[in-house]
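Everything below concerns the one structure shown next.
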Amino acid sequence: MMRTLLAACALVLLLVADSLAARTIAGVVRAVYDGDTVLLATREESRLKVRLYGIDAPETRKPDKPGQPFGEVAKRTLMYKVMGRRVTAEVVDSDQYHRAVAVIRHAGRDINREMVAEGMAWAYRQYLHGPYASEYIGAEEGARARHKGLWRDANPQPPWEFRQGLKGGKRHGRHR
């Protein structure tokens, strides 16, 4: 009985997440979890957890896990840009955690690209597609060349490698 209920809930979540793809949702950012994840309060009075598309910010410290250098700085930078502000989320996908994966825009600015250009995140090449790929990769290369943000370190560890190390070397595809 419980398994059936859980399976039904999972199916509903997947259907809802799939219906979000290719939608633009407006709302106010109510929380910033880290340098690439926010909570959006929408016009429909719902809350939507949004993973920023095409970028991967350094991990922040959690009660049970260590963080990375620049993780807290990336989180504060994203907070400064969007916390309490009205934004749009151009949803392009959903991830394995049922978060909307979106390009966040505020005042016409691509916040995802800004995070990369300021050295607060990597262009997440594994999941980048279409026009955003060259734009975000170019922004990362510019930040590297100017030694901005996390690129002040000679050889910063990408978050996907950091997460893999925490898992004991197991492959860990976190999000898009």
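Points to keep in mind about this one:
- Scanning the stretch 121-128 for any residue that is in contact with a Pro (Cβ under 6 Å, 6 or more places away or on another chain) and either crowded, with 18+ Cβ neighbours inside 10 Å or of a type outside the set (S, T, Y) (or both) turns up at least one such residue.
- Checking Y124 against (1) closer than 15 Å to P58 by Cα; (2) more than 13 Å from the chain's Cα centre (by Cα), the condition it does not meet: (2)
- One residue from R163, R105, R152 being under 19 Å from E72 (Cβ atoms), of a type in the set (K, R) and either surrounded by 20 or more Cβ atoms within 10 Å (Cβ to Cβ) or at pLDDT 95 or above (or both): R152
Yes/no matrix, rows are residues, columns are (1) surrounded by 12 or more Cβ atoms within 10 Å (Cβ to Cβ); (2) assigned to a helix (DSSP H, G or I); (3) out of contact with any His (no Cβ under 6 Å at 6 or more places or on another chain); (4) at pLDDT 95 or above:
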| residue | (1), (2), (3), (4) |
| --- | --- |
| A7 | no, yes, yes, no |
| A10 | no, yes, yes, no |
| V16 | yes, yes, yes, no |
| R30 | yes, no, yes, yes |
| Y33 | yes, no, yes, yes |
| L40 | yes, no, yes, yes |
| V50 | yes, no, yes, yes |
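- Unmet criterion (only one of (1) among the β-branched types (V, I, T); (2) within 15 Å of M115 (Cα to Cα); (3) in contact with a helix residue (DSSP H, G or I) (Cβ under 6 Å, 6 or more places away or on another chain)) for V29: (2)
- Unique residue being among the basic types (K, R), loosely packed, with under 14 Cβ neighbours inside 10 Å and over 17 Å from A139 (Cβ atoms) when the list is K75, K62: K62
- K62 fulfils the conditions (1) free of Cβ contacts under 8 Å to residues at least 60 places away in the same chain; (2) within 14 Å of I25 (Cα to Cα); (3) more than 14 Å from the chain's Cα centre (by Cα) except for a single criterion, (2).
- Residue match in the stretch 109-120 (condition: at pLDDT below 95 and surrounded by fewer than 17 Cβ atoms within 10 Å (Cβ to Cβ)): no
The values are calculated or read from the model by the stated rules, or taken from the named source; none is laboratory data. Given the structure is predicted, the values throughout are model-derived calculations rather than measurements. Cβ: placed from backbone, ideal geometry, glycine included. Neighbour counts: every protein chain shown.
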